[in-house]
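These notes are about the structure you will find just below.
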Amino acid sequence: MRNRKAFTLIELLIALAIVGILALVSTTNLVSWLNRSAAVGFQRELLSKSNDARTRAMGSNRQQRLFINLGTNSVTLQSGNSGTGSTVWTNVGDTLVGNRGAGLQSVVADLVPGTVSPPSTISFIYHPGGQVSSQDNAATIRPLVQARIRLTAENPADQATLRLFGWTSKARLEHGWP
């Protein structure tokens, strides 16, 4: 009788099929996890930039602004050159850009008076006194009551809204799109 030390073809095919199924399941879960991680990371980073703008405005006695560009799906924190009526804005830190389905859906700002859906860009200007104004493409600055920044995600369950209150300059991250 011969001593068998090798695998049969059937055993190898079964082992490859099991490895293939495990790889497929793990890849699907990995992609889902990466998309969720990107969405949550983008949301938290935007909330952090908003809080940073508020803190910098009050601490430095200079205006700060969040420049939101819906066309490029990006948010940039900028520092002004004075406490009121800044004319020169300097970027602070890196620009936040959405990826893997995470990003900006829309911005709805309740201004004084009325409600306006801004065009492709809008800025939220944080004043040293603790208030926020909005500035649209036409450079028109208006006092802000509140703004709702809708944040997209690959999975609709991961969508969120950043609500910014103009009279206190505080921001809150909410689940879904109210």
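Listing for the model above:
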{"read-out": "Range in the chain, longest, excluding exposed trypsin sites (Lys or Arg not before Pro) [loop by DSSP; at most 10 other beta-carbon atoms within 10 Å]", "value": "6-178"}
{"read-out": "Helix-only [θ]222 nm of the chain, DSSP H runs n ≥ 4, -39500 (n - 2.57) each, per residue, nearest 500", "value": "-11000 deg cm²/dmol"}
{"read-out": "Nearest-0.05 FRET efficiency for TRP177 and ILE21, computed from C-beta distance (R0 35 Å)", "value": "0.40"}
{"read-out": "Neighbourhood net charge (14 Å Cβ-Cβ; Lys/Arg +1, Asp/Glu -1) for ALA38", "value": "0"}
{"read-out": "Gained length - GLU11 relative to ASN51, 0.36 nm times residue gap less alpha-carbon distance", "value": "8.5 nm"}
{"read-out": "Kirkwood Rh and Cα Rg combined as Rg/Rh, segment 1-58", "value": "1.57"}
{"read-out": "Positive dipole terminus of segment 1-109, leading residue within LEU70, PHE42, THR87 (C-beta point charges)", "value": "PHE42"}
{"read-out": "Using alpha-carbon coordinates, inclination of helix 9-60 to the longest axis of the chain, degrees", "value": "10 degrees"}
{"read-out": "FRET efficiency estimate (nearest 0.05) - Cβ-Cβ, LEU34 to SER82, R0 41 angstrom", "value": "0.45"}
{"read-out": "Around HIS127: net Lys/Arg minus Asp/Glu count, Cβ-Cβ under 11 Å", "value": "+3"}
{"read-out": "(i) 15.2; (ii) 10.8; (iii) 14.5, with the label sought being that of the calculated mean projected area of the Cα convex hull in nm²", "value": "(iii)"}
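Coordinate-derived values only; no laboratory data. Note that this is a predicted model, so its numbers are computed, not measured. So basically every Cβ, Gly included, is an ideal-geometry build from the backbone, and we count neighbours across all protein chains shown.
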